[in-house]
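Asks: Here you go, one structure.
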Amino acid sequence: GLSDRLSMSYIKSTSFDRYKFASISAKSTDDAQTRKTAEMFTDLLWSDPITSKSGGSLNGCHPNNHRGAGYLFGANISEQFCKKYGFNLVIRSHEVRQEGITQDHPHCVTVFSSSLYCGGSNKAAVVVIDPNQSGITVD
């Protein structure tokens with residue numbers, strides 16, 4: 001997932017200690033660097049795209065009250081993120097999709113690879129990247 005506070009330069013830095021995250025929470029530490037790492041992890045893991053089914057504004061960043069962590073991010077956030085870091089698309093998972101895959105925004109796709117998740121009726125999907133083909137097709 002994305003948020004308007006994610007920093008790829010911070011995530012790539014040695015300050016981003018992914019091994020520390022298993023035992024910390026952004027709310028349970030007074031150390032600013034540890035809190036920032038926890039916030040980045042939380043945003044990456046628990047943020048979901050705003051879609052027309054989410055209701056409200058389709059742009060911006062809003063607290064993800066459904067999950068209790070991360071943000072709901074709009075199409076403008078995924079577009080800004082891709083432009084800033086030179087990506088064409090964000091491919092994410094960690095959120096069930098009935099058909100296995102959806103294009104949530106022009107710059108954001110969700111793919112879910114587990115069929116019949118928790119006894120449900122959803123399909124599974126995979127992403128195949130073909131360097132000889134431009135654009136994206138969601139089937």
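Asks: Residue by residue through segment 73-99, note down the ones that are surrounded by 16 or more Cβ atoms within 10 Å (Cβ to Cβ), over 24 Å from residue 117 (Cβ atoms) and either in contact with a Phe, Trp or Tyr (Cβ under 7 Å, 6 or more places away or on another chain) or not polar (S, T, N, Q) (or both).
Replies: Passing the criteria: 74, 75, 77, 79, 81, 82.
Asks: Here's a follow-up. Would you please name the residue that is surrounded by the fewest Cβ atoms within 10 Å (Cβ to Cβ), looking only at residues in segment 101-120 that are in a loop (DSSP other than H, G, I, E, B) and in contact with a helix residue (DSSP H, G or I) (Cβ under 7 Å, 6 or more places away or on another chain)?
Replies: Ranking the qualifying residues of segment 101-120, first place goes to 106.
Asks: Here is a follow-up. Scan segment 17-25 and give yes if some residue there is outside any strand (DSSP E or B), at pLDDT 80 or above and among the aromatic types (Phe, Trp, Tyr), otherwise no.
Replies: Checking segment 17-25: not a single residue is outside any strand (DSSP E or B), at pLDDT 80 or above and among the aromatic types (Phe, Trp, Tyr).
Asks: Here are 66, 105: which of them is modelled with pLDDT of 90 or more and more than 30 Å from residue 14 (Cα to Cα)?
Replies: 105
Asks: For segment 67-82, enumerate the residues that are outside any helix (DSSP H, G or I), closer than 12 Å to residue 105 by Cα and without any contact (Cβ under 8 Å) to a residue 40 or more places away in the chain.
Replies: Correct list: 74 only.
The values are calculated or read from the model by the stated rules, or taken from the named source; none is laboratory data. Only a predicted model underlies this, so the values are computations on that prediction, with no experimental measurement involved. Because the Cβ atoms are built from the backbone with ideal geometry, glycine has one as well, and the counts that use them run over all protein chains shown.
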